[in-house]
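The values are calculated or read from the model by the stated rules, or taken from the named source; none is laboratory data. Predicted model, so just to flag it, every value in this text is computed and none were measured. Neighbour counts run over all protein chains shown; Cβ positions are idealised from the backbone, glycine included. Just the protein is used for accessible areas: all its heavy atoms, side chains included, with ligands, DNA and RNA removed. Shrake-Rupley method; radii C 1.70, N 1.55, O 1.52, S 1.80 Å.
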Amino acid sequence: MSQDILSGLLSGLNDKQLQAVTLPQVSALILAGAGSGKTRVLTTRIAWLIQTGAVSPNGILGVTFTNKAAREMLTRLSAMLPINTRGMWVGTFHGLCNRFLRTHHREARLPATFQILDTADQLSAIKRVMKLMNVDDEKYPPRQVQSYINGAKDEGLRATSMDAYDKHSQTLRDIFDEYDKQCQREGVADFAELLLRCFETLAREQTLRAHYQERFRYILVDEFQDTNRLQYQWLKLLAGSQNSIFAVGDDDQSIYSFRGARVGNMQDFQVDFQVQEVVKLEQNYRSHSNILDAANAIIAHNRSRLGKNLWTAEGGGEPVRLYEAYTDTDEASFIVDEVKALHNEGIEFQQIALLYRSNAQSRILEHALFSAGIPYRVYGGLRFFERAEIKHALAYLRLVTNPDDDTSMLRIINFPTRGIGTRSLEQLQETARSMNSSLWQAALTQQGKIGAFVALIKDMQDQCNGLPLPEMMDVVTQTSGLRQHYAAEKEGEDRLANLDELVTAAVTFIKERDENDLTDFLTFASLEAGEHQADPGRDALQLMTVHAAKGLEFHTVFISGLEEGLCPHENSMSETNGLEEERRLIYVAVTRARRRLYLSHAQSRMLHGQVRYNIPSRFLDEIPETLLKRLNARPVAKNNEPAWVESARASSAPAPAWKIGQGVHHDKFGAGVVQAYEGGADARVQVNFKHAGIKWLALEYAKLTAT
């Protein structure tokens with residue numbers, strides 16, 4: 001029976017999978033490409049170790065990054081072997097550390113009933129500490145302090161280890177230190193603390209460390225490329241000098257550096273554990289070869305990679321479809337038409353994914369889908385008009401047009417924080433009840449911070465009077481402090497981009513309806529927000545960022561907005577290895593498609609209510625022409641300039657003069673791309689010049705003197 005089970009376990013594995021599963025007790029790196037069956041390899045490796053008697057179920061430590069992955073692994077193991085998996089140590093880093101700390105709370109210096117702070121609870125705790133310390137929350141935004149603390153813990157650092165070069169960094173360190181002391185007094189731990197406290201306990205308690213090193217002879221890690229510095233140190237500590245680590249990962253899919261993931265851990269692992277076995281799982285069971293060849297061609301341009309090449313036995317399949325749109329609206333219309341055609345061919349909506357680099361890109365796509373009546377679901381996020389920053393901005397706009405809107409007032413009277421506490425609000429509501437009036441009418445009788453809020457709204461009303469809708473959006477998001485608030489957040493970039501997109505939504509609204517009424521715009525926003533996402537279980541198109549798509553697969557994938565500045569994102573140009581991570585993002589996006597892949601970009605796109613002219617993403621140039629099917633032949637002029645540039649050349653108007661920085665002037669369009677911005681009689685322009693196909697230099701704004 002045992003031999004029959006063993007044969008069944010290994011049947012169907014390809015040569016490389018079989019090699020990985022049956023390795024002896026050595027540390028090994030399994031380079032598992034997208035769609036190469038890594039979950040099967042991991043699970044089968046555990047089952048093989050148990051079935052051959054190499055280790056008991058209690059002697060295995062399996063580490064994943066999500067609870068879903070851990071559950072799937074245990075479910076598969078239960079189906080493979082007649083064992084009870086309930087007691088096995090298979091889970092996420094945080095889940096396993098929590099289990100350890102519960103068992104050894106005394107050694108960890110925690111109460112047996114210690115509570116875990118979620119993100120919101122942690123933020124509240126930090127605010128309490130700052131208030132007790134009389135720290136100005138405008139100079140030290142609590143969310144920024146939270147990011148500072150969690151970032152330090154992810155690096156394995158306490159407050160005493162943090163550098164303090166000036167008063168600002170000294171204050172941050174003091175808040176960190178006091179926050180830790182408060183958590184210790186209250187017997188609570190945040191998520192980052194779980195891993196750090198577990199690591200510190202194991203490092204300090206030699207007997208305990210020896211016990212777990214003796215127990216966990218085999219350590220298996222999923223998504224190894226996503227580990228941060230502390231997670232890797234924790235694994236090294238548990239492995240000691242005798243145990244083996246079976247690390248499964250793909251450096252080409254390392255896309256979470258903003259969360260602290262360190263792709264360099266894979267190279268360090270090979271050195272630290274003297275890894276002799278590097279098994280490459282390159283056979284893909286998901287996609288046709290045209291899709292894989294496109295992904296291979298793109299990722300080959302990254303220099304810092306371990307190297308592998310995906311292939312499949314399933315044949316070439318359909319070519320990769322490339323669409324060049326005139327505008328972002330044209331792009332969205334094209335996608336809607338193709339989705340309809342695919343659905344008519346029998347492809348379920350839920351088997352079609354629409355991916356984008358930035359959350360803000362979803363608005364125009366959502367609007368097109370909403371108008372076409374196509375059910376959709378935003379995976380791992382909220383629809384545009386349901387996002388918190390958009391709701392805040394709309395609440396301010398509602399107060400501008402109707403100050404008696406109590407719901408909107410309660411939403412933003414203390415956001416961003418302006419020191420109006422719960423007690424003050426209760427008193428204001430009591431005053432409103434006694435006056436039988438709205439909160440606004442009651443607030444008119446107040447002084448202090450509530451009086452200052454009233455003055456703020458009145459100032460907005462005065463500034464917005466007679467302005468076009470897009471300019472109202474700018475006034476409100478600036479005057480309210482929303483922009484300053486989100487700019488101070490470590491990851492506030494997406495929220496600022498969404499506020500920019502709200503301006504674009506106003507421009508689109510005016511163009512489509514030929515009206516500039518704020519009340520009508522707010523009604524439009526409410527209607528789109530009110531049409532909730534498709535109910536769970538209903539067939540619906542999947543919308544998501546590329547980051548959210550990792551680990552998923554679909555029959556058909558659309559990747560939109562493939563333009564310089566969007567993908568690769570403009571911020572990546574100034575970051576070390578930023579461009580390589582952007583390329584890995586596209587690699588991940590492309591490899592989500594099983595049968596059909598669409599790539600699209602737009603010659604012009606509305607950004608912050610103004611038209612920007614774009615150039616195609618450099619990543620498109622990296623795909624061999626033989627793999628592509630161009631769905632349209634957009635007019636393109638010489639030097640790959642958009643057709644409107646050629647038209648400007650041919651016009652009888654005098655050549656415009658461009659100021660190109662440093663006092664140099666240029667009389668022609670040259671090899672650059674002109675980015676025009678609507679705005680009055682004189683359109684402002686920005687010129688980008690390409691240098692050796694690698695870097696784009698944004699030059700100063702100038703005024704277009706020709707028609």
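Once you list every other residue whose beta carbon is under 12 Å from the beta carbon of Q351, what net charge do they have if Lys and Arg are +1 and Asp and Glu are -1?
Values: positive: R592, R594, R595, R596; negative: E345, E348, D539, E553.
Once positives and negatives cancel, what remains is 0.
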Å² of accessible area per residue within the range 45-156, as computed with a 1.4 Å probe and no ligands counted | 50
Extended-chain gain in nm, criterion 0.36 nm per residue less alpha-carbon gap, Q441 and A120 | 112.3 nm
Amide H neighbours of S604 under 5 Å, counting only residues 5+ apart in sequence or on other chains, H built in-plane at 1.01 Å?
-> T327, D328, N614
The Cα radius of gyration of the range 121-274, divided by 2.2 N^0.38 Å with N its residue count, comes to 1.19
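For the chain, what is the charge dipole size about the Cα centre, in debye to the nearest 20, if Lys and Arg each add +1 at the Cβ and Asp and Glu each add -1 at the Cβ?
Result for the chain is approximately 1820 debye, rounded to the nearest 20.
Using only C-alpha positions, report the orientation-averaged shadow area of the convex hull of the range 337-403, nm², one decimal.
Working: hull surface 22.3 nm².
That works out to 5.6 nm², a quarter of the Cα hull's surface.
Keeping every protein chain in place, order K308, K131, K38, K181 by accessible area at 1.4 Å, biggest value first, i.e. largest first.
K131, K181, K38, K308
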So what does L9 come to for accessible area, using a 1.4 Å probe and Å² rounded to 10?
-> 10
Carbon/sulfur accessible area of the chain, % of total, 1.4 Å probe, equals 49
The answer for the net charge of residues other than T160 whose Cβ lies under 14 angstrom from its Cβ, with Lys and Arg +1 and Asp and Glu -1, is -3
Given the candidates F65, L13, P82, the one whose Cα lies deepest towards the positive end of the charge dipole of the range 1-85, counting +1 at each Lys or Arg C-beta and -1 at each Asp or Glu C-beta, is F65
Read phi for every residue in the range 243-257 and hand back ³J(HN,Hα) as whole Hz from Karplus 6.51 cos²θ - 1.76 cosθ + 1.60, θ = phi - 60°, with x for Gly and Pro.
-> 8, 10, 10, 9, 9, 10, x, 9, 4, 6, 10, 7, 10, 10, 4
What list of ³J(HN,Hα) values in whole Hz, one per residue of the range 428-440 in order, does the Karplus curve 6.51 cos²θ - 1.76 cosθ + 1.60 (θ = phi - 60°) give from phi, with Gly and Pro shown as x?
-> 5, 5, 5, 4, 4, 5, 5, 8, 6, 9, 6, 4, 4
If each part is reduced to its alpha-carbon centroid, the range 547-582 and the range 359-379 end up apart, in Å, by 19
When the Kirkwood hydrodynamic radius is evaluated over all pairs of different C-alpha atoms of the range 24-158, what value in angstrom, to one decimal, is obtained?
-> 18.4
About the Cα centre of the range 252-378, how large is the charge dipole given +1 on each Lys and Arg Cβ and -1 on each Asp and Glu Cβ? Please answer in debye to the nearest 20.
-> 480
Accessible area (Å², 1.4 Å probe, nearest 10) - S169 = 20
Options (1) 3, 12, 18, 18, 16, 12, 8, 6, 4, 2, 1, 0, 0; (2) 2, 12, 20, 23, 21, 14, 6, 2, 0; (3) 3, 12, 18, 20, 19, 14, 8, 4, 1, 0 for P(r) over Cα pairs in 10 Å bins from 0, in percent; the value derived from the coordinates is listed as (2)
Counting only DSSP loop positions in the range 434-523, the GluC sites (Glu not before Pro) whose Cβ has at most 13 other Cβ atoms within 10 Å are E491, E515
Got a sec to turn the phi values of the range 120-135 into Karplus ³J(HN,Hα) couplings, 6.51 cos²θ - 1.76 cosθ + 1.60 with θ = phi - 60°, whole Hz, x for Gly and Pro?
-> 5, 5, 5, 4, 4, 5, 5, 4, 5, 4, 5, 5, 5, 8, 6, 8
If you rank R45, R377 by how much accessible surface each has, with a 1.4 Å probe, what is the order from largest down?
-> R377, R45
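Ordering K127, K167, K511 from largest to smallest accessible area (1.4 angstrom probe), what's the sequence? Show your work: numbers first, answer last.
Values: K127 95, K167 165, K511 125 Å².
Per-residue accessible area, sorted high to low, gives K167, K511, K127.
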Fraction of antiparallel bridges per DSSP, the chain only, in percent to nearest 5 = 30
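Output the pairs from K391/K511; K38/K153; K38/K68; K68/K131 with a Cα-Cα distance over 27 Å in this structure; if there are none, say none. Show your work: numbers first, answer last.
Numbers: K391/K511 23 Å; K38/K153 30 Å; K38/K68 15 Å; K68/K131 39 Å.
Flagged as over cut-off: K38/K153; K68/K131.
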Enter the Cα centre distance for the pair the range 461-504 and the range 123-167, rounded to the nearest angstrom.
-> 27
May I ask you to compute the full-extension gain from K181 to L237, defined as 0.36 nm times their residue separation minus their alpha-carbon distance, rounded to one decimal in nm?
-> 17.6 nm
Other residues with Cβ under 14 Å from the Cβ of V320 give, with Lys and Arg +1 and Asp and Glu -1, a net charge of 0
Taking only the alpha-carbon positions of the range 409-547 and ignoring solvent, what does the Debye formula give for the base-10 log of I(q)/I(0) at q = 0.20 Å⁻¹?
-> -1.27
